[in-house]
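Asks: Before anything else, here's the structure in question.
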Amino acid sequence: MIVVHRLKGERMFLNADLVESVEETPDTVLTLVDGRRLVVADGADEIAARILEFRASILVSASEMRNQTMDTATVVPLHPEPLA
């Protein structure tokens, strides 16, 4: 989720994965994947930066979770040696 501001200044949380495009005409217009359009007070560059930061945070979290799991996991070989 990212924060955007309506024209009157109210904050709104928006699912960043639903944003299809961002235009400045001169107002900033967000077009969502379902075709809805939102006019917001934030600039297109600000919104693009927030979306990039949001997506990067997901990758960082996934990497941290993977590393945490690897640190605590027991390693099992794919082809164990037969017992003698």
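Asks: Just one of the numbered conditions (1) surrounded by 12 or more Cβ atoms within 10 Å (Cβ to Cβ); (2) charged (D, E, K, R); (3) assigned to a helix (DSSP H, G or I) is not true of Asp45; which one?
Replies: Failed condition: (1).
Asks: Now a separate question. Inside region 8-25, can you point out the residues that are surrounded by 11 or more Cβ atoms within 10 Å (Cβ to Cβ) and touching a strand residue (DSSP E or B) at 6+ places or on another chain (Cβ under 7 Å)?
Replies: Those that are surrounded by 11 or more Cβ atoms within 10 Å (Cβ to Cβ) and touching a strand residue (DSSP E or B) at 6+ places or on another chain (Cβ under 7 Å): Met12, Leu14, Ala16, Leu18, Val19, Glu20, Ser21, Val22, Glu23.
Asks: Return the pairs, sorted by first residue and then second, in which the second residue is surrounded by 16 or more Cβ atoms within 10 Å (Cβ to Cβ) and hydroxyl-bearing (Ser, Thr, Tyr), the first residue lies in region 20-44 and is within 15 Å of Ile2 (Cβ to Cβ), the beta carbons are less than 8 Å apart, and the residues are 6+ apart or on different chains.
Replies: Cβ pairs passing all conditions: Val22/Thr28; Val40/Thr28; Ala41/Thr28; Asp42/Thr28; Gly43/Thr28; Ala44/Thr28.
Asks: Another question, then. Between residues in region 3-19 that are part of a strand (DSSP E or B) and residues that are acidic (Asp, Glu) and modelled with pLDDT of 95 or more, which pairs lie under 8 Å by C-beta distance while being six or more apart or on different chains?
Replies: Filtered contacts from region 3-19: Val4/Asp42; His5/Asp42.
Asks: If you go through region 49-68 one residue at a time, do you hit one that is assigned to a strand (DSSP E or B), under 18 Å from the mean Cα position of the chain (by Cα), of a type in the set (Asp, Glu) and modelled with pLDDT of 85 or more? Can you show your working first?
Replies: Of the residues in region 49-68, the ones assigned to a strand (DSSP E or B) are none.
Among the residues of region 49-68, not one is assigned to a strand (DSSP E or B), under 18 Å from the mean Cα position of the chain (by Cα), of a type in the set (Asp, Glu) and modelled with pLDDT of 85 or more, which makes the answer no.
The values are calculated or read from the model by the stated rules, or taken from the named source; none is laboratory data. These numbers come from a predicted model, not from an experiment. Glycine gets a Cβ as well: all are built from the backbone with ideal geometry, and neighbour counts include every protein chain shown.
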